[in-house]
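Accompanying notes for the structure given below.
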Amino acid sequence: MEKTAGMSTKATPSVDASSAGPTVRCPTCSGPSLFAPANRYRPFCSERCYQIDLGAWANEEFRVPAPMPAEDSPFGDPRTEP
């Protein structure tokens, strides 16, 4: 693999660019990503972007929002909740 000055060395998936399927924006790097079964990392463009996103979830950088209970409501006992 040759390195060219100024070019990205990010790993690209081994997917033929002419494969049938829509192209979407990669959630991690915003680059183009093939959204088809041929891309095993979809919706990500590469394994690198997939691993970055997985690491963010593992570090709790992303969270699923949950409603906050009222201040006067009992907490933790599902039998007391309506």
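Brief remarks follow.
- Per-region count, segment 22-40, residues among the hydrophobic types (A, V, I, L, M, F, W, C) and open to solvent by less than 30 Å² (accessible area, probe 1.4 Å): 3
- Applying a threshold of 8 Å to beta carbon distances and a minimum spacing of six or more residues, or different chains, the list of pairs starting in segment 54-69 at a residue that is closer than 21 Å to Arg42 by Cα and ending at one that is outside any loop (DSSP other than H, G, I, E, B) and of a type outside the set (D, E, K, R) reads Phe62/Ala56.
For (1) surrounded by 14 or more Cβ atoms within 10 Å (Cβ to Cβ); (2) at positive phi; (3) modelled with pLDDT under 95, each residue gets a yes or a no:
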{"site": "Arg42", "(1), (2), (3)": "yes, no, yes"}
{"site": "Tyr50", "(1), (2), (3)": "yes, no, no"}
{"site": "Ala56", "(1), (2), (3)": "no, no, yes"}
{"site": "Asp77", "(1), (2), (3)": "no, no, yes"}
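- Close pairs from segment 34-51: first within 13 Å of Val24 (Cα to Cα), partner charged (D, E, K, R) and open to solvent by less than 50 Å² (accessible area, probe 1.4 Å), Cβ under 7 Å, at least 6 apart: Phe44/Asp53
The values are calculated or read from the model by the stated rules, or taken from the named source; none is laboratory data. Quick caveat: nothing in here was measured; it's all calculated off a predicted structure. Note: ideal-geometry Cβ built from the backbone for every residue, glycine included; neighbour counts use all protein chains shown. Heavy atoms of the whole protein, side chains included, go into the accessibility calculation; ligands, DNA and RNA do not. Shrake-Rupley method; radii C 1.70, N 1.55, O 1.52, S 1.80 Å.
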